[in-house]
Each structure stands twice: as C-alpha cells, then as structure tokens.
Amino acid sequence: EAGVAQSPRYKIIEKRQSVAFWCNPISGHATLYWYQQILGQGPKLLIQFQNNGVVDDSQLPKDRFSAERLKGVDSTLKIQPAKLEDSAVYLCASSSPSAYGYTFGSGTRLTVV
Amino acid sequence: GESVGLHLPTLSVQEGDNSIINCAYSNSASDYFIWYKQESGKGPQFIIDIRSNMDKRQGQRVTVLLNKTVKHLSLQIAATQPGDSAVYFCAETQGGAQKLVFGQGTRLTINP
C-alpha cells in the first residue's frame with residue numbers, strides 16, 4: 001500500500017510569514033494526526049482527526065495554528081504568523097480502526113528565520 | 001503531567017552485539033506501548049508493540065519486555081547491524097483514543 005504522503009519536504013520562511021503543509025493519508029485510514037517534532041525530542045501531538053471531525057486539539061496553539069480535513073481524506077496544517085520556535089519537523093500520520101499503531105509520513109522540515 | 005521518558009539519550013554498540021534500549025513510563029493506565037525507529041530525514045517507523053496484558057513479545061531480531069510493576073519498557077535488538085543505527089522512541093497510548101505520547105528518544109550507533 002502507498003504510504004502517508006506529505007509536502008513540501010522542506011520549507012524556509014521568515015518569522016511572521018505564513019506557511020501551509022499538506023498530508024495525504026493511507027487510503028481508508030479514518031484517523032489522521034499532525035505531530036510536531038522539535039530537534040532532539042519525540043513527536044508531540046498537535047491535532048487528531050477522525051474522518052473530518054476533530055478528536056483532540058488540546059495541544060494546538062490555536063492563536064497561530066489551524067488545521068482542516070474537509071472531506072475526511074487530505075489535510076492541511078497552517079501556521080500564521082510563524083515564530084522562530086515553530087522550527088521543527090511536522091509529521092502527519094494515519095491509522096485505521098482495526099489496528100493500533102500509526103503509519104507516519106516523512107515529514108516537512110520547517111525552518112523559521 | 002505524565003509522560004514517557006528514556007534513561008539514556010545515546011547508546012553505542014559493536015556490530016554483531018546485542019543492544020538494549022530502556023524506557024520508563026509514568027501513566028499506570030497506559031495499556032499499549034510501541035517502539036519506533038527513526039532514521040535521519042524520515043518519519044518514525046513501527047518496530048514492535050506490546051499490550052499491557054503481556055510481559056514479552058518477540059519479533060525478528062527484536063524483543064520488547066514490559067514490567068508493569070516498575071513501569072519499565074525495554075527494546076532488545078539482537079546481532080545489531082549498521083542499518084540499526086537510528087533514534088529509537090518508545091510511545092504509549094493514553095485514554096483509549098489512540099493518542100500516542102512519545103518519549104525523548106535514544107540514539108543508537110552501531111560501530112563497525
């Protein structure tokens with residue numbers, strides 16, 4: 001099966017600019033996650049979708065981060081305006097209800113300068 | 001808050017030796033644990049999992065041990081190979097909603 005696709009792979013922006021990341025999960029996976037991974041740390045959950053509904057966004061900085069999954073398939077994560085501390089790898093993952101464990105994409109490495 | 005942590009940030013072993021990576025967790029309600037391998041520039045890759053009703057599970061060259069009494073998890077890799085060099089994360093589920101909480105990670109280096 002095809003894996004989780006993410007784009008772009010790399011992005012460099014100046015602080016206060018906006019940026020968007022895209023994720024296409026594995027076909028049929030109802031649950032989609034966005035994680036933020038700061039260098040040297042483990043991934044931290046930002047938001048979890050079940051189909052097109054939000055299950056958990058308790059750790060999403062909602063003043064600057066937003067995410068959507070309008071048709072229950074692809075998802076976008078946006079940051080506006082970006083801060084230096086947003087520099088990280090943004091990982092998308094998906095899972096199916098029949099099994100635990102995720103499949104991760106390769107991530108988008110964001111550098112805010 | 002409760003979190004998953006690792007004892008050592010780095011581990012170096014000789015090629016062919018066995019390696020053991022440790023992880024401590026603090027949430028006694030966690031019921032499912034996963035070990036992930038992350039190579040440079042890639043997302044975490046599933047290695048092996050274990051449920052809280054088990055204390056040992058084996059895969060190909062890997063074994064996960066779970067000690068619920070002391071809330072400790074370990075990953076054993078047998079006959080390490082250069083391709084095993086990576087950062088290894090343990091993760092646990094909390095709340096039954098498939099939300100994973102990751103530890104900081106251990107960087108494993110295999111020396112030739």
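Listed values, structure above:
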| item | result |
| --- | --- |
| Any hit, region A:6-13, residues being open to solvent by less than 30 Å² (accessible area, probe 1.4 Å) and within 14 Å of chain B (Cβ to nearest Cβ) | yes |
| Pick from region B:19-30, criterion in contact with a Leu (Cβ under 9 Å, 6 or more places away or on another chain) and over 21 Å from residue B:83 (Cβ atoms), ranking: surrounded by the most Cβ atoms within 10 Å (Cβ to Cβ) | B:23 |
| Qualifying residue in region B:85-96 (condition: modelled with pLDDT of 90 or more and among the β-branched types (Val, Ile, Thr)) | yes |
| Condition broken by residue A:29, with the remaining ones in (1) more than 18 Å from residue A:65 (Cβ to Cβ); (2) part of a strand (DSSP E or B) satisfied | (2) |
| Odd one out for residue B:16 among (1) at pLDDT 95 or above; (2) surrounded by 13 or more Cβ atoms within 10 Å (Cβ to Cβ) | (2) |
| Selection count, region A:1-23, where residues are closer than 18 Å to residue B:44 by Cβ and in contact (Cβ under 8 Å) with a residue 40 or more places away in the chain | 7 |
| Of the criteria (1) at pLDDT 95 or above; (2) closer than 15 Å to residue B:102 by Cβ; (3) away from chain A (no Cβ under 13 Å), which one residue B:2 fails | (1) |
| Top-ranked residue in region B:49-96 [being under 21 Å from residue B:15 (Cβ atoms) and in contact with a Phe, Trp or Tyr (Cβ under 7 Å, 6 or more places away or on another chain); ranked as nearest to the other protein chains (Cβ to nearest Cβ)] | B:88 |
| Identity of the residue in region A:33-67, acidic (Asp, Glu) and either more than 8 Å from every other protein chain (Cβ to nearest Cβ) or more than 16 Å from residue A:93 (Cα to Cα) (or both), that ends up most open to solvent (accessible area, probe 1.4 Å) | A:63 |
| Answer residue from region B:41-61, given it is open to solvent by 20 Å² or more (accessible area, probe 1.4 Å) and aliphatic (A, V, I, L, M) and is farthest from residue A:38 (Cα to Cα) among those | B:54 |
| Any hit, region B:31-38, residues being open to solvent by 30 Å² or more (accessible area, probe 1.4 Å) and part of a loop (DSSP other than H, G, I, E, B) | yes |
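Each row is one residue, and each column tells you yes or no for (1) under 30 Å from residue B:51 (Cα atoms); (2) modelled with pLDDT under 95.
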position	(1), (2)
A:14	no, no
A:52	yes, yes
A:60	yes, no
A:70	no, yes
A:73	yes, yes
A:86	no, no
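The values are calculated or read from the model by the stated rules, or taken from the named source; none is laboratory data. Small disclaimer: the values here were computed from a predicted structure and weren't measured. Note that each Cβ is placed from the backbone with ideal geometry, even for glycine, and that neighbours are counted across all protein chains shown. For the accessible areas, the whole protein counts, side chains as well, though only heavy atoms, and no ligand, DNA or RNA atoms are used. Shrake-Rupley method; radii C 1.70, N 1.55, O 1.52, S 1.80 Å.
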